[in-house]
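The values are calculated or read from the model by the stated rules, or taken from the named source; none is laboratory data. Here the structure is a predicted model, which is why all the values come from computation and not from measurement. As a convention, Cβ positions derive from the backbone with ideal geometry for all residues, glycine included, and neighbour counts pool all protein chains shown. SASA here: full protein model, heavy atoms, side chains in, ligands and nucleic acids out. Shrake-Rupley method; radii C 1.70, N 1.55, O 1.52, S 1.80 Å.
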Amino acid sequence: AMAEKAKKLAGYAAVDNHVQDNQAVGVGSGSTIVYAVDRLAERVKQENLNIVCVPTSFQARQLILEHGLTLSDLDRHPELDVAIDGADEVDSELNLIKGGGGCLTQEKIVAGCAKRFIVIADYRKDSKALGEQWKKGVPIEVIPMAYVPVTRTIARRFGGVVVLRMAVSKAGPVVTDNGNFILDWKFDQVHDWKSVNTAIKMIPGVVETGLFVEMAERVYFGMEDGTVGVRD
Ligand code: DER
């Protein structure tokens, strides 16, 4: 479909523009990153590149291993040259909503360890303000025993509706790679995302939010017309 072609365009552009020899690369999670890993594996083979990959989820780890790429971790490479990852939505200031795939915590850690955090997305993610196109809210990872008080605090302080994310292929709630629950905060107004992110993180029981504020350096958007848009 059109969106898949757009994801591939973005993934290839990011890898071709930002991956060089002798690098440690953070590998994101989701569906768009699959194209980036395909291209990364192709380049490593063709150009005989010395690259190590640090995953942001069990899914990313599987992608790295399945493509025969060298798996590493933050113990060995606490500073990454570049991290490449998808996004659920991007606003005009390059703030992101991430976590649609439930991997936001390790994604944010890896993105924070990278000298350059590069985002890849199809045209459907390109918004002026968060919430314009992405209607599933901001994912928030929480310690399971705290999810009810955290739900109540967020709804009381910031409005909107907060929903525990339930699994589809498993009975009960989604359990993250870190053993936690996810709340989806369907906000009902535009906020100052920087201050809201900090305030939510301070609530006891919150592990991480899917608000990536002032983290992305560049976003590659695959467009419907086959071109690649770039926003810095
Ligand atoms: O869950 C995540 O954070 C993913 O990276 C998400 O933001 C993008 O997933 P997609 O590439 O499948 O849209």
Residues within the range 39-56 that are touching a residue at least 24 places away in the same chain (Cβ under 8 Å) and open to solvent by 60 Å² or more (accessible area, probe 1.4 Å), tallied
2
Within the range 157-177, residues surrounded by 14 or more Cβ atoms within 10 Å (Cβ to Cβ) and of a type in the set (S, T, N, Q) come out as T176
Sort out which residues of the range 124-140 are buried (at least 19 other Cβ atoms within 10 Å of the Cβ) and more than 10 Å from the ligand (Cβ to nearest atom), and write them in order of number.
D126, L130, G131, G137, V138, I140
Only one of (1) closer than 18 Å to W134 by Cα; (2) modelled with pLDDT of 95 or more; (3) not in a helix (DSSP H, G or I) does not apply to V168, and that is (1)
Given (1) of a type outside the set (A, V, I, L, M); (2) farther than 25 Å from N197 by Cα; (3) open to solvent by less than 40 Å² (accessible area, probe 1.4 Å); (4) near the ligand (Cβ under 10 Å from one of its atoms), index of the condition Q59 fails
(3)
Verdict on D177 being on the phi < 0 side of the Ramachandran plot, touching a helix residue (DSSP H, G or I) at 6+ places or on another chain (Cβ under 8 Å) and in contact (Cβ under 8 Å) with a residue 24 or more places away in the chain:
yes
Enumeration of residues in the range 101-114 that are away from the ligand (no atom under 11 Å from the Cβ) and assigned to a loop (DSSP other than H, G, I, E, B):
C113
So K98 fits all but one of (1) within 12 Å of the ligand (Cβ to nearest atom); (2) out of contact with any helix residue (DSSP H, G or I) (no Cβ under 8 Å at 6 or more places or on another chain); (3) among the basic types (K, R); what number is the exception?
(2)
Give the residues of the range 89-100 that are in a loop (DSSP other than H, G, I, E, B) and either among the hydrophobic types (A, V, I, L, M, F, W, C) or surrounded by fewer than 24 Cβ atoms within 10 Å (Cβ to Cβ) (or both), sorted by residue number.
D91, S92, E93, L94, N95, G100
Can you tell me which of (1) within 16 Å of the ligand (Cβ to nearest atom); (2) out of contact with any Gly (no Cβ under 8 Å at 6 or more places or on another chain); (3) in contact (Cβ under 8 Å) with a residue 24 or more places away in the chain is the one V168 doesn't meet?
(3)
Residues (more than 14 Å from the ligand (Cβ to nearest atom), surrounded by 16 or more Cβ atoms within 10 Å (Cβ to Cβ) and either under 15 Å from the mean Cα position of the chain (by Cα) or in a helix (DSSP H, G or I) (or both)) located in the range 13-38
A13, V15, H18, V25
Output the residues belonging to the range 65-121 that are without any contact (Cβ under 8 Å) to a residue 60 or more places away in the chain and among the hydroxyl-bearing types (S, T, Y).
T70, S72, S92
Filtering the range 115-156 down to residues that are of a type in the set (A, V, I, L, M, F, W, C) and outside any strand (DSSP E or B) yields A129, L130, W134, I143, M145, A146, V148, V150, I154, A155
